[in-house]
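Read through the structure below, which is laid out as structure tokens, and then see the notes.
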Amino acid sequence: MPGITIVAAVVILILLLVFFRYVPIGLWIRALSSGVKIRVSALIGMRLRRISPHRLVDTLIMVRKAGLDISIDQLERHFLAGGNIERVAKAMISAQQASIPLTFAEACAIDLAGRDVLQAVQMSVIPKVIETPPIAAVAKDGIELRAKARVTVRTDISRLVGGAGEETIIARVGEGIVTTIGSSETHKAVLENPDLISQNVLNKGLDTGTAYKILSIDIADVDVGRNIGAQLQMDQAEADRRIAQAKAEERRAIAVAREQEMIAAVQEMRAHVVEAEAQVPLAMAEALRTGKLGVMDYYQMKNVIADTTMREGIAGAAAPRAAAPKEENA
């Protein structure tokens, strides 16, 4: 009998451990004491589905205490879908306190879309300031300006799912700054009235299709950069100089090539002349040998050549003498 009693006690202890393992009586009592009615079978089902009953019950107590009508089934469905039930509940409470229209389905959709629904609600109450990086633009007079803007935005809950984020806001504001500065006649006009940038950018409706509503755009700083116009003119002049220099080098190379061709042609002609002169004695010898040219004819030709050479020498010597009296008369 004592052995049977010990076994029965062990079995009862095991059953109690299993019961308290799958039936969180303490959590059920805490829910009842908080005014939240929940079935024990629902808690057992959460255990079997491997859902943390403490997270769901604590969240349910929080939303019921805030006066929200959210059931345990709604929280469980969102939890099983991979959502963050705590942040959704806190977002719902914050929206209720701030009189922001937000349903539980919208909050779950925003959370499952990957956005922080609690932060979105907080930004609806307290606007966020987005600071853009320095944006460079060039006015019509060629002077570069670097502007930095602070954009005050507020979350638009209705466009949070599917709306563009902060990167789109920064890109659109940068585009508006570049357009405004680029259309200015001088950079001084922008420096004197930086609010022109804010007005022009706000009038473009840059928050269309985004998850935010732009409240204001303030130009934080405007710095003067380089003289882009002068730099471009210098670069163009340098490019023109290099082009002209290249064309001159091309013309010089062509002239040198033509000169080399002329020299080669003259040398070739001289070679032909020398070759022809070398053939003259051979032709004369052949003529003497064949009887086509007599000895007296040969001597007569030599006399004519000698007489011609003498006349050319006399004419060359007489030319300086004839020029001397003209210089004296002058």
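All of the numbers you see were taken from the coordinates with simple rules; none came from a lab. Predicted, not measured: the structure shown is a model, and the values here were computed from it. Glycine gets a Cβ as well: all are built from the backbone with ideal geometry, and neighbour counts include every protein chain shown.
General observations
- Sparse-neighbour loop sites [GluC sites (Glu not before Pro); the range 172-239; at most 12 other C-beta within 10 Å; DSSP]: Glu185
- Stokes-Einstein, applied to the Kirkwood radius of the range 244-315 over Cα pairs at a viscosity of 0.692 mPa s and 37 °C, places its translational diffusion at 199 µm² s⁻¹.
- 5 Å-binned pair-distance histogram of the range 89-187 (Cα, whole percent): 2, 12, 20, 16, 12, 10, 8, 7, 6, 4, 2, 0
- Among 306-315, 217-226, the order from most to least packed when residues are scored by Cβ within 10 Å on average: 217-226, 306-315
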